[in-house]
1. Any idea what the relative contact order of the chain is, in percent, if you count C-alpha pairs under 8 Å spaced at least 6 apart?
2. Report the per residue volume, in Å³, of the convex hull enclosing the C-alpha atoms of region 188-284.
3. Of the accessible area of region 281-387, with the probe set at 1.4 angstrom, what percent is carbon plus sulfur?
4. What would the Debye equation give as log₁₀ I(q)/I(0) for region 114-210 at q = 0.10, 0.15, 0.17, 0.25 Å⁻¹, counting only Cα atoms as equal point scatterers?
5. In whole percent, what relative contact order does region 37-184 give with Cα contacts below 8 Å and a gap of six or more residues?
6. Provide the solvent-accessible area of Asp55, counting protein heavy atoms only and rolling a 1.4 Å probe, rounded to the nearest 10 Å².
7. What is the percent carbon and sulfur in the accessible area of region 37-184, measuring with a 1.4 Å probe over the protein chains and ignoring ligands?
8. Could you calculate, for region 234-365, the ratio of the Cα radius of gyration to the Kirkwood radius, expressed as Rg to Rh?
Amino acid sequence: MIAVGGAGVFAVSNLAQSPQGGSGSADELGFDLMSSIENEDVLGVIDTLLPGERDIMRNPLIDVVAELTRLEVLSGDFDLSGLSGLDIEFEDESVQVRSTNVDDIVNVDLRADVTISLDGAALPIGALITDNLSEDELAELRGSRMTETDELDITLTAVDHDGRWFFSAFHSIAEVARAELAPGSLIPATGVGSDGADTPEAAFEQLLQRVEALDLTGLIRTLNPGEAAALQRYAPLFLDDAEAALDEVPLDWKITENAFRVEGSGDRRTVFLDSIAIEGTIDGGAFSVSTVGDCVSLEFDGESFEQCGDVASLEEFDEIFEDSPAVLHLLETINDAFADLEPIGLELQRFEGSWYVSPTATISEAFLKVLRALDRQEIDAIAEAAE
């Protein structure tokens, strides 16, 4: 299974996009993928991904590599067009396509004998790693050479998109879940679909309305179809049970006020929630929650709580860790390192003319903001304090 990891490395090593991509048949797609991996043709690997999934991953992955290079986790000669120090060779490749109950989704079994070679001297490891290794450890790493044989034995799901076949990470996950959680069930012919909004502001307001209504189907329909096509297609398999469970939750609430701002340009926007107020009852008890800036107020059954800023301020840390100055120093160092962390919001994307919520972009942008808040000196300081 180590070959699967190699495939993943190549998939992020070059994220250029061809105009067409995919393959003319599912069989051809399987052989194209293995050929691209074996030949280190990363463009061929990326071209096997469903366009919507490929698009949502491309720029964030490029940005992550850039940040890891800046932080010296990766060396300056790390090349997105190919990873040095690793070689993969396949023998006796075979591809078996298994049909499903729908014409546009198939499962593809990939089999091959794999030889993987690793050259420690050529690995693009940055100074952050090498500076923290002893001379003996570094010599052992750089002098290591390994050749291992293994077997590629995986099943991926392929989707027919505009007459071309593409692999889909999310459809592959959905097919595994269908086999394990609902054996014998059929793939829905159409799914729940999607309905975006004309503007980013309208998309966020639509999201709030459906959250307030506990409208699970509606929430799924607000997601960017480029990344949520599998969820939207397979949702009918679990929606009835999920919505029945939601109906049993003893919750009645409403959003009484909200204020938000939208920033960005082009086909992507970020929503920042400046304030929101919610009130209702849960299991017979009245509650209210409100946030303004970094302050949160909560009331439940006559009890109230308010907190501004971090969950625990440095003054509170002083009291908690007064007998552990090393721990307090570590927490202060971490707090200083992330003092310039940019606000994290909800990412929206325009897809085929309409605006949708993008969970993948929200997660990736949050991770990137964490990386951007750090520099090499801050990481060194945290590591030193952690000792």
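The values are calculated or read from the model by the stated rules, or taken from the named source; none is laboratory data. All values derive from a computational prediction rather than experimental measurement. Cβ: placed from backbone, ideal geometry, glycine included. Neighbour counts: every protein chain shown. Ligands, DNA and RNA are stripped out before the accessible areas are found, and what is left, the full protein with its side chains, is counted by its heavy atoms. Shrake-Rupley method; radii C 1.70, N 1.55, O 1.52, S 1.80 Å.
1. Working: 674 pairs, mean separation 53.9, N = 387.
It comes to 14 percent, rounded to a whole number.
2. Working: hull volume 9.3 nm³, N = 97.
In region 188-284, the Cα hull volume divided by residue count equals 95 Å³.
3. Numbers: 3760 of 6690 Å².
Solvent-exposed carbon and sulfur of region 281-387 make up 56 percent of the total.
4. -0.69, -0.87, -0.93, -1.22
5. Details: 218 pairs, mean separation 37.0, N = 148.
After rounding, I find 25 percent.
6. Around 70 Å² of this residue is reachable by solvent.
7. Working: 3730 of 7520 Å².
Of all accessible area on region 37-184, carbon and sulfur atoms account for 50 percent.
8. Over the Cα atoms of region 234-365, Rg/Rh equals 1.06.
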